Amino acid sequence: MNNKSLLLNGSFFEDEYLKKIDIINNLEIKSVYVFDHYQNPEMKSKPVYEIKEAINKLNEVNKNFGLGSMVLNVRKRKKETLLNDYIYQFIEIKNFNFGLGIGDEKYEKKNKIFENNIEDIICEIQNHKIYDENKINIMLGGNSKFFIDLSLKYSIGLNQWQGSIENIENKIALFKKSNINESKISYCTKNLKFSGKELNENIEIIYALSENKTFKDQIDDISKYCLN
């Protein structure tokens, strides 16, 4: 199976989403991710899903792909709500890819920020009794030294949102130096013609679907340029 995945656009579930899932099921992809930027949608005129509701809908259907969050902002909710209504529920899903972050001023408003420590949340997930059994994968969404150091410390994944190939290559080198498999690194892109072949490494490429093109056109591009 290709190490390629999809990040669903905000209005994905508003129009015949079960048919869209059938189409995705016919692709050879690793995972489908949903995002937590519902307060700042790509297009304000479009509806946007809530991350928990989206995961529940995807988890209820027969599927040939894994599920993941991209990214669950650990400071947007009270810790009790974050753990009980989101994290503990997602841990029940086998092979779940936990994309975690603390928010970005470029994509999220800074109101209602709680003092939740992301390192504590990482430990909470890794210490959960079914973390190993369900093969939960954690990855951090961030490009700073803080996130890189956390990834290396806990041997967890790291996602880069767009940016240069050189930055990805530097991360791969750091992971290899620390004896962490480079497959834990992922690259999120809006370039639906980027195959990642020039990297010559086993990193996950996550294609972000947009509101600016139809679902069919975007899937056609990914199928044509990226999954061969």
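The values are calculated or read from the model by the stated rules, or taken from the named source; none is laboratory data. Just so it is clear, the structure is predicted and the values come from calculations on it, not from any experiment. When we count neighbours, we look across all protein chains shown, and the Cβ atoms used for this are built from the backbone with ideal geometry, even at glycine.
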Got a number for residues in the range 173-195 being surrounded by fewer than 20 Cβ atoms within 10 Å (Cβ to Cβ) and either modelled with pLDDT of 90 or more or within 29 Å of Phe12 (Cα to Cα) (or both)? 13
Note on Ile205: of the conditions (1) in a loop (DSSP other than H, G, I, E, B); (2) of a type in the set (A, V, I, L, M, F, W, C); (3) modelled with pLDDT of 95 or more; (4) touching a Cys at 6+ places or on another chain (Cβ under 9 Å), unmet is (1)
Quick one: Leu209 ticks every box in (1) within 15 Å of Met70 (Cβ to Cβ); (2) surrounded by fewer than 19 Cβ atoms within 10 Å (Cβ to Cβ) except a single one, so which number is it? (2)
Please go through the range 196-206 and pick out each residue that is more than 17 Å from Gly99 (Cα to Cα) and surrounded by 15 or more Cβ atoms within 10 Å (Cβ to Cβ). Gly196, Leu199, Glu201
Considering only residues that are among the acidic types (Asp, Glu) and under 25 Å from Gln162 (Cα atoms), look in the range 1-42 and name the one that is modelled with the highest pLDDT. Glu28
Can you find a residue that is touching a helix residue (DSSP H, G or I) at 6+ places or on another chain (Cβ under 7 Å), closer than 30 Å to Lys44 by Cβ, without any contact (Cβ under 8 Å) to a residue 60 or more places away in the chain and hydroxyl-bearing (Ser, Thr, Tyr) anywhere in the range 163-179? no
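One line per residue, one yes/no per condition, for (1) modelled with pLDDT of 95 or more; (2) touching a strand residue (DSSP E or B) at 6+ places or on another chain (Cβ under 6 Å); (3) farther than 24 Å from Asn56 by Cα:
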| site | (1), (2), (3) |
| --- | --- |
| Lys76 | no, no, no |
| Tyr88 | yes, no, no |
| Gly101 | no, yes, no |
| Ser144 | no, no, yes |
Considering the range 117-145 alone, what residues qualify as being within 15 Å of Asn73 (Cβ to Cβ) and assigned to a loop (DSSP other than H, G, I, E, B)? Asn117, Gly142
Of all residues in the range 148-162, count the ones that are surrounded by fewer than 20 Cβ atoms within 10 Å (Cβ to Cβ) and in contact (Cβ under 8 Å) with a residue 40 or more places away in the chain. 0
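Quick check on the range 79-105: of everything there that is of a type in the set (D, E, K, R) and surrounded by 15 or more Cβ atoms within 10 Å (Cβ to Cβ), which residue is nearest to Lys184 (Cα to Cα)?
Filtering the range 79-105 down to residues of a type in the set (D, E, K, R) leaves 79-80, 85, 92, 94, 104-105.
Narrowing further to those that are surrounded by 15 or more Cβ atoms within 10 Å (Cβ to Cβ): 79, 104.
Working: Lys79: 26, Asp104: 22 Å.
Checking each candidate, the answer is Asp104.
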Taking Lys19 as meeting all but one of (1) in a helix (DSSP H, G or I); (2) farther than 26 Å from Asp220 by Cβ; (3) over 15 Å from the mean Cα position of the chain (by Cα); (4) not aliphatic (A, V, I, L, M), write down the number of the exception. (2)
If Lys216 satisfies all but one of (1) at pLDDT below 95; (2) surrounded by fewer than 18 Cβ atoms within 10 Å (Cβ to Cβ), what's the number of the condition it fails? (1)
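Out of curiosity, is Ile148 assigned to a strand (DSSP E or B) and out of contact with any Pro (no Cβ under 8 Å at 6 or more places or on another chain)? Talk me through it step by step, then tell me what you get.
On the way: assigned to a strand (DSSP E or B): no; out of contact with any Pro (no Cβ under 8 Å at 6 or more places or on another chain): yes.
Taking the combined requirement at face value, the residue does not satisfy it.
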Is it fair to say Tyr49 is aromatic (Phe, Trp, Tyr), modelled with pLDDT of 95 or more, crowded, with 16+ Cβ neighbours inside 10 Å and in contact with a Ser or Thr (Cβ under 9 Å, 6 or more places away or on another chain)? no
